[in-house]
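The values are calculated or read from the model by the stated rules, or taken from the named source; none is laboratory data. This is a predicted model, so every value here is computed, not measured. Reconstructed Cβ throughout: ideal geometry from the backbone, glycine too, with neighbour counts over all protein chains shown.
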Amino acid sequence: MRATVHQLVAVRRAATEVTALLPHLDRHRRPRPEPRSQLRLDGVLPVGSVRRCPKRVRAGSSAGHEDGAGSAQDDYGDARRIVGAASALLYIEGLEMADQHGVDRSRLPLRDPPFAGRRGRTLADSTPDWGAAGDVRPPEGAPNILLVLIDDAGFGQPSTFGGPVQTPNLTRMADAGLRYNAMHMTALCSPTRAALLTGRNHHRVGFGSTGEFSGPFPGYTSVVPKDCAPFPKALQMNGYSTAAFGKWHMTPNHVQGPSGPFDRWPSGWGFDYFWGFLGGESGQYDPMIYENNSVDQVYGGPADRSFYLPDAMADKTIEWLHGITAHNDTKPWFVYFSTGCAHAPHQVTEEWHAKYRGKFDAGWDVYREETFARQKALGVVPEDAVLTERDEAFPAWDSLSAEERTLYARQMEVYAGYQENADHNVGRVLDELERMGQLDDTLVLYIWGDNGASMEGTLTGSFNELTMFNGIPLTPEQQLALVNASGGIDAWGGPTTAPHCSAAWAWAGNAPFQWGKQVASHLGGTRNPMVVHWPGNIAAQGGLRTQFTHVIDIGPTILEVAGIPQPTSVDGIDQFPMQGTSLAYTFADGTAPERHTQQYFEIFGNRAMYKDGWWAASKLPRIPWDLTPPTLRRFAPDVLDPDALTWELYYLPDDFSQANDLATRHPDKVAELNALWWQEAEANYVTPLLAGLSAFFGIVPPLSEKTRWTFWGNDVQNFPQGIMPPTLNRSYTITADVEIPEDGAEGVIVAAFDHLGGYSLFVMDGKLHHTYSFIGIETYRHESTTTLPTGNVRVRLEFEADTPVMAPAGTVTLFANDRQIGGGRMDHTVPAFFSGYAGLDIGRDNGEVVDGRYEKLAPFAFTGTIHKVTYDIRPPGQPHNDALHQAQYAESQARHVEA
């Protein structure tokens, strides 16, 4: 039986509390170490034993006093008992933490123990020491830890917190644990994840923006500083097994290939095992999956319609748990289970979305009202809370046409079923832990959303989110026409679509708050539900916790309950302290004063400052899905005056939902919090303001001079988008040296992405074909006029852009052995992104295919021999090339900001 949280927390606090009393003790220096032979335990490095902590000591009380009161003499005596019983030693000089066996866990990796045996000239006069070959173990009583993070979900969506999406597994954890209704994220995916895993503010660890882009300012590099080691690394170096499954989104695009560097991959963050996707999103039916430090494969697609990523995530997690338990069932583990849901594309089978048919026909305004009533009935929202009003950016449901209502209701049905399925698969992991007898010994932290629900679907939503990525606005009528062309409205959420819902549904899903994802100034973007479950260690099961908490508190909490100190040195580098506050104090006492009393927020110029219940909010005057040049020109460096931006002011203890702006009544408080925000911004590398949008203002990375990419053979597959040859917005040539046998060949020579945006060069019926999908809106096909010769053949595709502009029209020409054999026009080309997750394949077309004519033959591998494929990029003259580089980088950054 492992130790309770009361014992763990007491031991961790004992060292600090004893420090204050040590000057009054006779023996305040470090005790003489025990003989090394006594420091061995079961042939491994010694570990602490929190079981020896006096039972009267409990979390939230003074050392040794159940009621937190007592005489100075009692404090003196209790301090000595704690030192003796738990041997929690705090070295005053150097602040080095050690357990009772002398193991200093604050400096990582742990030191190798000296040999405690004896080496004579022969075995006859030698004494063995098996401990020298032992493994590191965590402190005794350290629990298993399951950290669940749902993506892009709002406060008002899960039924556990009053929403309409059925989340029975989140609810069962809450009913046997605790609900937290004041948990805060950063308002954006990558920043939240970096803050979560490091215990430090997101700018301080280089993640002021999304992880795809490495910027030129310290708060925006997408590279965690070496002095801010993630807490999974501390767990790993202290003897935990660690694994991450699902979405990562903290590896810059340019290092997502097979040459790394891998310190920016999950393995570099302290994970023994990773199975998931590195980018910000994935298709659910044909994901490109990474395993550890390489691409595993593309799963699903036409060849396997039974595959569904959320199911596979649960399967792989359970498989990993089975394996490590079979190997060593005494070793605790840490699992980071991070779903791709509810990020677009919203894809789920009919089994799940059919449950919600007709449930959203009343629209988003009624959705908010009904959700708000349920939230009050559950008690997760105070009785005196006020439902915030709809912003004029969102249309009233009653103002929509019948066709629009039908489309939008369908969007929400799929969105809801998608989320329920995510909870179902978390439940499968929980069920297996229970079956294995491990659930009672597992701390579960289940967070519903890394930011508010995503509003980047724009007002209309989209059958293909890539239309938004590429800045292609579509009216509801155009959306319906394209949906009908993709199989009709019943196909929404299936493999022929990559959908996103209307921004108004996301706003409703953040009820009762204003706004949503990206908007760090308001609770709709930053406040998400959280549940903590730990049987035997939660004082009031089914309780509610209202203390202000933040995502940077999770790391300190996990380390505290594991009995592991926050490291002061990792790999020889002194560490910047974690900035979060452990929330373990709330486990035992729902009325305890909150300890995280001050916190700044900032994402893309949307700012907030929280202190002692007051919340100052300054939202940049733009709607989240508007990154058009006219809008952004208002925030250019020579135009923007940060001091001219307005602030709102809320007092959260009396105004749960931020419905009552007090700025005009308390200008001094606004000025105080504004000054404090700038102070925090300087200290945490937030400045320069709007550095996350710097590409729009001409600050782009140096233009690469490389113009040729060569792929040898046919074994390069699933090549990530961030390291592909840059064909967008430029003229280019693809040349393939192939060998065609006497009886002919067929199959894909090179393909990238899929039918909703991509291109393929392939051989079918003896002829050379080229297919180019312009985001599923238009498809261009070119076919050779003659069959290809046999033997060694050089085939070539040339695209010549008409003008050096973004998304240029141009001419395609096909060649075989330098002889023109076909071609045609392309009136539109993709300016920014073909896909949010798919890759490039030589010799086949993995996943969803580019051209439906060979879907049933997928992956349609080439039956001849491919010797090499070469891409030659032909940039325009230098001035044009520089301008295109800046425009394309800004466009790419804009779409990542939106997504």
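Inside the stretch 693-714, residues that are under 20 Å from Val255 (Cα atoms) and either modelled with pLDDT of 90 or more or part of a loop (DSSP other than H, G, I, E, B) (or both) make up a count of 12. Scan the stretch 735-767 for residues that are touching a His at 6+ places or on another chain (Cβ under 8 Å) and among the polar types (S, T, N, Q) and report the count. Count: 1. Answer yes or no: is there a residue in the stretch 286-301 that is touching a residue at least 60 places away in the same chain (Cβ under 8 Å), within 19 Å of Gly461 (Cα to Cα), not aliphatic (A, V, I, L, M) and not in a strand (DSSP E or B). Checked the stretch 286-301: no residue is touching a residue at least 60 places away in the same chain (Cβ under 8 Å), within 19 Å of Gly461 (Cα to Cα), not aliphatic (A, V, I, L, M) and not in a strand (DSSP E or B). Please work out if Thr325 is among the polar types (S, T, N, Q), crowded, with 21+ Cβ neighbours inside 10 Å, at pLDDT 95 or above and assigned to a helix (DSSP H, G or I). For Thr325, the condition - among the polar types (S, T, N, Q), crowded, with 21+ Cβ neighbours inside 10 Å, at pLDDT 95 or above and assigned to a helix (DSSP H, G or I) - is not met. Checked against (1) at pLDDT 95 or above; (2) more than 20 Å from the chain's Cα centre (by Cα), Ala303 passes all but condition (1).
Which residue pairs have Cβ atoms closer than 6 Å, lie 6 or more positions apart in sequence or on different chains, and pair a first residue in the stretch 463-485 that is under 17 Å from Ser502 (Cβ atoms) with a second residue that is charged (D, E, K, R)? Close Cβ pairs (under 6 Å, with a partner that is charged (D, E, K, R)) amount to Phe469/Arg895; Pro476/Glu404. In this structure, is Val805 within 30 Å of Pro345 (Cβ to Cβ), among the aliphatic types (A, V, I, L, M) and surrounded by fewer than 18 Cβ atoms within 10 Å (Cβ to Cβ)? Considered against the rule, which asks whether it is within 30 Å of Pro345 (Cβ to Cβ), among the aliphatic types (A, V, I, L, M) and surrounded by fewer than 18 Cβ atoms within 10 Å (Cβ to Cβ), Val805 comes out as yes. Of all residues in the stretch 170-203, those that are surrounded by fewer than 24 Cβ atoms within 10 Å (Cβ to Cβ) and not in a strand (DSSP E or B) total 4.
Where strands (runs of 3 or more DSSP E) fall wholly inside the stretch 59-166, the ranges with 2 or more residues that are modelled with pLDDT under 50 and either outside the structural domain of Pro191 (by TED's automatic domain parsing) or touching a helix residue (DSSP H, G or I) at 6+ places or on another chain (Cβ under 9 Å) (or both) are 89-91, 96-98.
Any residue in the stretch 310-324 that is out of contact with any Lys or Arg (no Cβ under 7 Å at 6 or more places or on another chain), aromatic (Phe, Trp, Tyr), under 29 Å from Ile723 (Cα atoms) and in the same structural domain as Leu407 (by TED's automatic domain parsing)? No, the conditions are met nowhere in the stretch 310-324. Under 6 Å between Cβ atoms, at least 6 apart or on separate chains: pull out the pairs that start in the stretch 381-404 with a residue that is touching a residue at least 12 places away in the same chain (Cβ under 8 Å) and in the same structural domain as Arg527 (by TED's automatic domain parsing) and end on any residue that is among the acidic types (Asp, Glu) and in a helix (DSSP H, G or I). Sorted first by the residue in the stretch 381-404, then by its partner, the pairs are Trp397/Asp365.
When Gly494, Gly437 are checked against the criterion of being surrounded by fewer than 24 Cβ atoms within 10 Å (Cβ to Cβ) and either charged (D, E, K, R) or in contact (Cβ under 8 Å) with a residue 60 or more places away in the chain (or both), a single residue qualifies: Gly494. Residues of the stretch 222-257 that are in a loop (DSSP other than H, G, I, E, B) and of a type in the set (Val, Ile, Thr): Val223, Val224, Thr251. Does Glu739 meet the test of being over 26 Å from Thr210 (Cβ atoms), in contact (Cβ under 8 Å) with a residue 24 or more places away in the chain and in contact with a strand residue (DSSP E or B) (Cβ under 6 Å, 6 or more places away or on another chain)? Against the criterion (over 26 Å from Thr210 (Cβ atoms), in contact (Cβ under 8 Å) with a residue 24 or more places away in the chain and in contact with a strand residue (DSSP E or B) (Cβ under 6 Å, 6 or more places away or on another chain)), Glu739 qualifies. Summed over the stretch 493-538, residues that are under 21 Å from the mean Cα position of the chain (by Cα) and within 15 Å of Asn451 (Cα to Cα) total 21.
Comparison of Tyr837, Tyr854 shows that the only residue that is among the aromatic types (Phe, Trp, Tyr), within 28 Å of Gln297 (Cα to Cα) and in contact with an Asp or Glu (Cβ under 7 Å, 6 or more places away or on another chain) is Tyr837.
Does Asn729 qualify as being at pLDDT below 95, polar (S, T, N, Q), outside the structural domain of Asp227 (by TED's automatic domain parsing) and more than 30 Å from Trp625 (Cβ to Cβ)? Against the criterion (at pLDDT below 95, polar (S, T, N, Q), outside the structural domain of Asp227 (by TED's automatic domain parsing) and more than 30 Å from Trp625 (Cβ to Cβ)), Asn729 does not qualify. For the stretch 440-474, the candidate set comprises residues that are among the acidic types (Asp, Glu) and more than 24 Å from Gln284 (Cβ to Cβ); within that set, the residue that is surrounded by the fewest Cβ atoms within 10 Å (Cβ to Cβ) is Asp440. Across the stretch 644-666, the qualifying residues are those that are among the small types (Gly, Ala, Ser) and touching a residue at least 60 places away in the same chain (Cβ under 8 Å), and the one among them that is nearest to Pro621 (Cα to Cα) is Ala659.
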